[in-house]
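Remarks on the structure that follows.
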Amino acid sequence: MPNIQNNNTWLQKAYTEFSMALVNNANLKSYAEPLIQPFFPLWSASDYRAQVKQVRSENSSCYTLVLKPTKTWPGFQPGQYIELHVIKNGVKVSRCFSISSAPEQFTKMGTIELTIRAQDNGRITPWLQQALTETSTVGLSAAQGNFIIKDRSRPILMIAGGSGITPFRSYLHSQALIKPTQTASLLYYARNQGGHLFEQELNSICDNNKYLTTHLMNTAKTGHFSLDKLQQQLPNYQDYDIYICGPNSMIKDVNNVLLDAKVDEKNIFIERFGPAPVDFSQLDKAGTVNFNQSNKSAELGSNTNLLDLAENIGLQPEHGCRMGICHKCSCRKKSGVVYNTLTNNYSDTGQEDIQLCVSVPVGEVVIEL
Ligand code: FES
């Protein structure tokens, strides 16, 4: 069973009721945040901490952080992600990462693993690999996300691209331990030979279990995902629950192929790394974004969302996932039009709450920040 704690113990209920009665907030500790955070910036009433146990290089662009969360951290299920909080140059920054290890590793050893691609020109992911050591402490949210890869009555097909293998590694390790007779198949795409993360490990898990199959695909040699290849590898693919994780372009292509092949949408599960792509050439990029509370403004013209735009001019809006899930970056738009890259909709011109990380300004926009 997944290691999710039952939060409904009588003690927790009593605490919540007492706290609500006293300060109308479910968590008394949140009132201490403004007092404690100036001295301990990673401290948060709603989050946890973890000690870095290892920083392990996987290849030239990816590395794994092995973390030991504090005992109260509630655990996770394969496919979920966490927000990692660190302090860089005195500023708290957060990024979301899928957990690449199995829940059973956490139960047994108390550790979890995050496998991270150092983004080209990224501000945080390349820096983390250098900055974190075995004595570092980081902040950690509870596990989040609905991309939970469950044992089901139907077989499971996992389609991964690049570092999108991380949630599937978690599942495969877990499944090998707790439900070895679940039929599951992995199609893992990388750009070239040797580009597959955990290649030996994945082959070894599947070699030892007749219910698991792995196809490591080298797109330079075999091309991208196509229905023809899928039919050759898995003729009964229509019987599978299909999970897809990887770069946005790959997700879009795979999803389109599956929908064209009349795979039922309810049997397709998707996890994106980053907000959905947007065709900036279609947008009116002339104009200025005004952040009225901080009295700062930024000229449009670069292909960026409002969160990046604000950070580029030195603002520090609250944020978490940076892909439209957590709503931590929600902000009041006072006027102007924004384009939502998740819903593919334009906003009205008036006041409304928007998510900075998935909103692209269109013309003149005023944001309450
Ligand atoms: S940062 Fe999570 S929704 Fe924007």
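The values are calculated or read from the model by the stated rules, or taken from the named source; none is laboratory data. All figures in this text were calculated on a predicted structure; none of them were measured in a lab. We place every Cβ from the backbone using ideal geometry, glycine too, and count neighbours over all the protein chains shown. Areas reflect the complete protein model, heavy atoms only, side chains present, ligands, DNA and RNA absent. Shrake-Rupley method; radii C 1.70, N 1.55, O 1.52, S 1.80 Å.
The largest accessible area among Lys252, Lys333 belongs to the first residue in Lys252, Lys333, and the rest follow in falling order (1.4 Å probe, all chains). Once all protein chains are placed together, His173 keeps about 60 Å² accessible to a 1.4 angstrom probe.
Viscosity 0.890 mPa s, temperature 25 °C: Stokes-Einstein D of the range 156-272 from its Kirkwood Cα radius, in µm² per second? In µm²/s, the coefficient is 172. When a 1.4 Å probe is rolled over the protein heavy atoms, the share of accessible surface on the range 156-272 that falls to carbon and sulfur comes to 47 percent. Partners of Lys71 within straight-line reach, counting aspartates and glutamates whose Cα lies under 14 Å from its Cα and excluding those fewer than 8 residues away in the same chain: Asp47. The candidates Lys229, Lys71, Lys92, arranged from most to least accessible area with a 1.4 Å probe in the full protein assembly, appear as Lys71, Lys92, Lys229.
Asp353 contributes about 100 Å² of solvent-accessible surface, heavy atoms of the protein only, 1.4 Å probe.
For the range 282-368, the Stokes-Einstein estimate of translational diffusion at 4 °C and a viscosity of 1.567 mPa s comes to 104 µm²/s, using the Kirkwood hydrodynamic radius over alpha-carbon pairs. Taking the Cα centre of the range 156-272 as origin and assigning +1 to Lys and Arg Cβ atoms and -1 to Asp and Glu Cβ atoms, the resulting dipole is close to 140 debye.
Taking a straight line from the alpha carbon of Lys92, these lysines sit under 17 Å away, with near neighbours fewer than eight places off in the same chain left out: Lys328. Centroid-to-centroid, using Cα positions, the range 189-249 and the range 76-146 are 25 Å apart. Within the assembled protein chains, the solvent-accessible surface assigned to Ser359 is about 0 Å², based on a 1.4 Å probe. For the range 113-202, the set of GluC sites (Glu not before Pro) satisfying both a DSSP loop assignment and a count of at most 13 other C-beta atoms within 10 Å is given as Glu134. Rg over Rh for the range 71-172 works out to 0.99, using Cα positions for both radii and the Kirkwood form for Rh.
Against the criterion of solvent-accessible heavy-atom surface with a 1.4 angstrom probe, Trp73, Trp127 sort, most first, into Trp127, Trp73.
Pairs from the list Lys229/Lys252; Lys150/Lys229; Lys68/Lys150; Lys108/Lys266 with a Cα-Cα gap above 29 Å: Lys108/Lys266.
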